[in-house]
1. Order these peptides, 219-225, 48-54, by their mean beta-carbon neighbour count within 10 angstrom, highest first.
2. P(r) of the stretch 29-169 in 5 Å steps, Cα pairs, percent per bin?
3. How big is the stretch 39-102 on each of its three principal axes, counting only the C-alpha atoms and giving the largest first in Å?
4. Please tell me which of these pairs span more than 26 angstrom C-alpha to C-alpha: Lys187/Lys233; Lys155/Lys258; Lys62/Lys155; Lys196/Lys249?
5. What is the distance in Å between the Cα centres of the stretch 218-248 and the stretch 120-155?
6. For the stretch 188-266, what's the radius of gyration and Dmax over Cα atoms, in angstrom?
7. Among Leu175, Leu227, Leu126, what is the fewest-to-most ranking by other Cβ atoms within 10 Å?
8. Going by C-beta contacts inside 10 Å, put Arg56, Arg194, Arg164, Arg171 in order with the fewest on the left.
Amino acid sequence: MRLKNAIDKIKQEKLEVAPKPSESLGEQHNSQTYNTFNYTQTKVTLTDPQVLSNNRIVTHNKNDPRSVPFQMLRSKVLRELRINGWNSIAVSAPTPGAGKSQVAVNLAISIAQEVNQTVLIVDMDLRRPSIHKYFDLDPEYGVQDCVELGIPVTKALVNPGIERLVLLPGRNRTLNSSETLSLPSVKALTAELRSKYESRIIIYDLPPLLVSDDVMVFLPNVDCSLLIVESGKNTPKEVEASINMLNSKPLLGTILNKERRQEKIYLY
């Protein structure tokens, strides 16, 4: 009888100290920086870390050596933003296929890993929205719904389960994208994001520069830009033309993507 009572007592103690489901989730994904934030207005949809890895999003795992270049990029970008009092960046590339959206997502996650910094990434590539695909999301609302139908931006925001990171995804393709980007509602949306989320870094993923005039139409709404260049494909002429198109706003720099040369990464 005493042995049975002792066993029952041990079982009860285990139940009392067992973590809550949300706490277990936080511990389970700790290495992937999954959040323990409580979002009241923003929809939370947890992304499987394996999905991110399959989509070559490397910064979600701080232990991945491939995240080191993005940490260096993060430091340089944040330094320029803070020196100049900026909080919005346009990310583009000369031509399709350079990996601009992938770089934008990796950079956003890397910045969000700073404990005092929150990030909002906005999919302004209305012709080919892709940010939601990196997180395997099927958004109910997108940025197009906000600017064309007047849907409140709070209904379109999604947290993918990563601390301090929020997405404003795209949803459907927009053929007349440059006309849409010139709407007063787009200017109003960017102004709302800038004022309502003043403490956040806002990263806008934009279309390639040399396929339409979308970037030039939207550029007045941001503080600065980043240019993603595809190694072995983009020519010096294309890069020069792209830089000239971005000259109305400060260019933080160019990023060479898809470089096949292997660099040794030192771990300390």
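1. Most protected by this proxy first, the peptides run 219-225, 48-54.
2. P(r) for the stretch 29-169, in whole percents per bin: 2, 9, 19, 23, 21, 16, 8, 1, 0.
3. Reported extents, whole Å, longest axis first: 36, 35, 28.
4. Going by Cα-Cα distance, Lys187/Lys233; Lys155/Lys258; Lys62/Lys155 fall outside the 26 Å limit.
5. Cα centroid of the stretch 218-248 versus Cα centroid of the stretch 120-155: 23 Å apart.
6. Final numbers for Rg and Dmax: 15.1, 46 Å.
7. Placing the least packed residue first, the sequence is Leu175, Leu227, Leu126.
8. Arg56, Arg194, Arg171, Arg164
Any read-out appearing in this document is the output of simple, stated calculations on the displayed coordinates, not a laboratory observation. The structure presented is a predicted model; accordingly, all values stated were derived computationally and were not measured. Methodologically, a virtual Cβ is constructed for each residue, glycine included, from the backbone with ideal geometry; neighbour enumeration extends over all protein chains shown.
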